Amino acid sequence: MSIEPEPGGNPLSAALAAAAGIGGYAPSIHNTQPWRWRVHGDRLELHAVPSRRLAASDPSSRLMVLSCGVALHHVRVALAAEGRQAGVARLPEPDRPDLLARLTLTGRAPVTTDAMRLLQTIHVRHTDRRPVTDAETPPQTLDQVRQAAEAEGGWLHFLGPNDVLDLATTADRAQTIETFDPQWREEIAYWAGGSRPEGLGIPDSAIPSESPKTTVPGRDFGLSGQLPISAGHDRAAVYAILYGDDDTRLGWLRGGEALSAAWLTATELAVSVLPLSAAVEVSSTRQILRRLLSNLGEPYLVLRFGMADPDHAGPPHTPRLPSAQVVEIVREAQPGSG
């Protein structure tokens with residue numbers, strides 16, 4: 001996903017537009033890709049797109065902004081891999097809540113191997129809803145993932161066995177509540193299933209052909225997809241709650257950046273990551289997640305970690321909108337023109 005610079009165009013604008021194109025690889029709730037980028041010379045603005053907010057699942061916009069935060073971190077990675085330094089102002093204009101961030105290029109910087117590796121990881125990262133393998137995830141590996149999240153201002157709370165059972169009950173309850181909501185059923189039917197040629201939503205190829213045998217239930221899409229599921233059980237899976245200090249737009253944005261950093265780090269370490277959002281979508285079950293956090297913070301998302309199967313490729317990548325539909329280069333008026 002890239003944008004070719006126009007002949008004679010501003011090289012800074014071209015660099016920002018290319019990085020915004022990389023942001024399009026970010027995962028988002030139901031693959032709604034609820035972001036739009038605007039390039040103004042040496043500045044890049046990230047805007048939320050309210051028309052792609054999930055009204056039934058995400059009335060507060062928490063998951064929409066979280067998704068945009070993932071895309072923001074992806075763009076920061078892309079710029080670092082190109083040797084670009086950028087200052088980031090989050091929620092720079094309080095009277096424009098959908099303007100989530102403004103990045104301004106400030107100079108050049110040496111390109112590190114870490115930045116290049118993270119950029120490569122963006123292209124291979126994907127969401128895999130199959131059960132993980134029986135291999136235990138090394139504690140030091142989970143520590144690296146946790147540290148990556150903390151470096152971006154987010155926190156991961158890993159759950160013990162008893163808390164995982166509570167989480168399983170909570171996730172099941174949340175999905176039962178949502179299933180009885182006709183608006184939610186209509187929403188999930190719109191975003192899930194089919195071939196998705198338009199570039200949005202979750203295609204059949206990413207939806208399990210049958211319910212996986214997992215301790216904590218994954219998303220019930222209300223249909224059978226085409227993703228083959230083994231008879232294995234995710235006994236070695238590790239569950240965590242991604243959380244922040246407050247339940248605000250800024251907290252959600254930073255939470256998304258932390259999610260991106262954690263997910264990319266996990267992918268580098270051959271760890272599968274599956275986001276589970278049902279329990280945060282229902283107010284009563286979100287309260288239970290707070291209790292599992294001992295009221296230390298506000299839950300943003302539940303994550304399942306486990307060792308990926310090295311012998312079987314994961315599902316194909318979900319579709320993405322063309323960069324031309326999500327990245328706009330604003331042409332500045334020339335002095336004396338018009």
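The values are calculated or read from the model by the stated rules, or taken from the named source; none is laboratory data. Here the structure is a predicted model, which means the values were calculated and not measured. Here Cβ is always computed from backbone atoms with ideal geometry, including for glycine, and neighbour counts include all displayed protein chains.
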(Q) So, residue 296, is that one more than 18 Å from residue 125 (Cα to Cα) and part of a loop (DSSP other than H, G, I, E, B) or not? (A) yes
Restricted to the range 263-276 and to residues being of a type outside the set (A, V, I, L, M) and in contact with a strand residue (DSSP E or B) (Cβ under 6 Å, 6 or more places away or on another chain), the residue surrounded by the most Cβ atoms within 10 Å (Cβ to Cβ) is 263
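To keep it simple, each residue is scored yes or no on (1) more than 25 Å from residue 305 (Cβ to Cβ); (2) touching a helix residue (DSSP H, G or I) at 6+ places or on another chain (Cβ under 8 Å); (3) of a type in the set (A, V, I, L, M, F, W, C).
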{"site": "91", "(1), (2), (3)": "yes, yes, yes"}
{"site": "121", "(1), (2), (3)": "no, yes, no"}
{"site": "129", "(1), (2), (3)": "no, yes, no"}
{"site": "155", "(1), (2), (3)": "no, yes, yes"}
{"site": "159", "(1), (2), (3)": "no, yes, yes"}
Scanning the range 151-171 residue by residue, the ones that are touching a Ser or Thr at 6+ places or on another chain (Cβ under 8 Å) and within 28 Å of residue 250 (Cβ to Cβ) total 3
Residue under question is residue 73, and the condition is that it be surrounded by fewer than 19 Cβ atoms within 10 Å (Cβ to Cβ) and in contact (Cβ under 8 Å) with a residue 12 or more places away in the chain; does it hold?
no
Could you tell me whether any residue of the range 240-258 is modelled with pLDDT of 95 or more, crowded, with 24+ Cβ neighbours inside 10 Å, touching a His at 6+ places or on another chain (Cβ under 7 Å) and of a type in the set (Ser, Thr, Tyr)? yes
Of (1) at pLDDT 95 or above; (2) over 11 Å from residue 241 (Cβ atoms); (3) surrounded by 19 or more Cβ atoms within 10 Å (Cβ to Cβ); (4) not small (Gly, Ala, Ser), residue 301 fails just (2)
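What number of residues within the range 66-106 are among the aliphatic types (A, V, I, L, M) and part of a strand (DSSP E or B)?
The total comes to 8.
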